[in-house]
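Below is one structure; the comments refer to it alone.
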Amino acid sequence: MSEQGSFEIRMQSGEGYRFQVDFNDPAIAPLLVDEPAPLGAGSGPNASRLLATAVGNCLSASLLFCLRKAHVAPDSVSTTVRGNMVRNEQGRLRIGGFEVAIEVSGEFDSQGRFDRCLGMFEDFCVVTASVRQGIPVQVTVHMNGTQVHQSTD
């Protein structure tokens, strides 16, 4: 949320389809990515899973930021992202959409401030807003087990 301008990562190929990702930041450990079998060895997440991770993390962090700023800090936020794979007209595999389910738990003094965050957190998620230009993203939020928000593309 605080990044402006540009950023750079580096990837170096290894055995098979493995790549070591350097995030060009000494505070961030390198990450091993790989394709699942039968193409790769599945020794790390592939690009589709990393994109799902980016969407889920961005939405979760955006909601958590808003709630904390509104002094409605939850006990926990747990997120599940389901990626739907489809084939295009040429038979090539594509991400057909993401379904993001966010579970927020805790006791909240102000339902109004919580609801205000539900109405705006998606707009502040850089990754999801960018991905939505080409991939549908459906988001639901549950508070203590009860659905309180849903958006679809």
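A few notes on this one:
- Rounded to whole Hz, the Karplus (6.51, -1.76, 1.60) HN-Hα couplings of region 47-62, x for glycine and proline: 4, 5, 5, 5, 5, 4, 4, 5, 5, x, 5, 4, 5, 5, 5, 5
- Once both labels are positioned 7 Å from their Cα atoms along Cα-to-Cβ, the gap between Ala41 and Phe65 label points is 3.7 nm.
- Förster-model FRET efficiency, 25 Å R0, Leu93 and Ser6, C-beta, rounded to 0.05: 0.25
- Sorting Phe19, Phe7, Phe65, Phe114 by the number of Cβ atoms found within 10 Å of their own Cβ, with the fewest placed first, yields Phe7, Phe65, Phe19, Phe114.
- Couplings 3J(HN,Hα) for region 84-89, derived from phi with the Karplus relation 6.51 cos²θ - 1.76 cosθ + 1.60 (θ = phi - 60°), are 9, 8, 9, 10, 7, 4 Hz, where x marks Gly and Pro.
- Of Glu89, Glu99, Glu35, the one that fluctuates the most in a GNM where the chain has Cα springs shorter than 10 Å: Glu89
- Pairs of C-alpha atoms in region 1-45 farther apart than 15 Å represent 51 percent of all such pairs.
- Geometric extent, Cα atoms of region 66-153 - Rg, Dmax (angstrom): 15.2, 53
- A cut-off of 5 Å between modelled amide H atoms, ignoring neighbours fewer than 5 places along the same chain, links Gly96 with Asn84, Met85, Val86.
- Ordering of 66-72, 122-128 by packing [mean C-beta count within 10 Å, highest first]: 122-128, 66-72
Taken together, the values in this text are just the output of simple stated rules run on the coordinates, not laboratory data. All values derive from a computational prediction rather than experimental measurement. Neighbour counts are summed over all protein chains in view; Cβ atoms, including those assigned to glycine, are modelled from backbone coordinates with ideal geometry.
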